[in-house]
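Have a look at the structure that comes next, please.
The values are calculated or read from the model by the stated rules, or taken from the named source; none is laboratory data. None of these values were measured; they are calculated from a predicted model. Counting neighbours? That spans all protein chains shown, and the Cβs are built from the backbone with ideal geometry, glycine included.
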Amino acid sequence: MDPDREPLHLSRELNLTTDQQAQIKPLLVNQQEKMQALTQDQFLSQEDRHTKAQSITEDTHSKIEALLSDEQKQKFEAMRQRMHRGPSGSPESAPQE
């Protein structure tokens, strides 16, 4: 995830206002920083790293959803569902939220 490109992608998909874009970008930058720190933590098991990464992602998504209108929330949820699907349209082996 690129915190410079992701707001543009979300903006197109969700029709974000300029104000929403300005509020969401720092959330994505923060998420990226936390993920980078997580990958550098040599003391965590792979399972713990995965669990923490999932928690960071969920926290960011919750904060983003708080900034969205009801219609945008529905579109955002649909985007998230698409991200959890494999090329055939079936759910990947990723853990369910």
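Hey, any hits in segment 15-34 for a residue that's over 15 Å from the mean Cα position of the chain (by Cα) and of a type in the set (A, V, I, L, M)?
yes
If the requirement is being more than 29 Å from residue 16 (Cα to Cα), loosely packed, with under 15 Cβ neighbours inside 10 Å and at pLDDT 90 or above, which of these qualifies: 47, 58? Reasoning before the result, please.
On the way: 58 fails: more than 29 Å from residue 16 (Cα to Cα).
Just one listed residue meets the conditions, 47.
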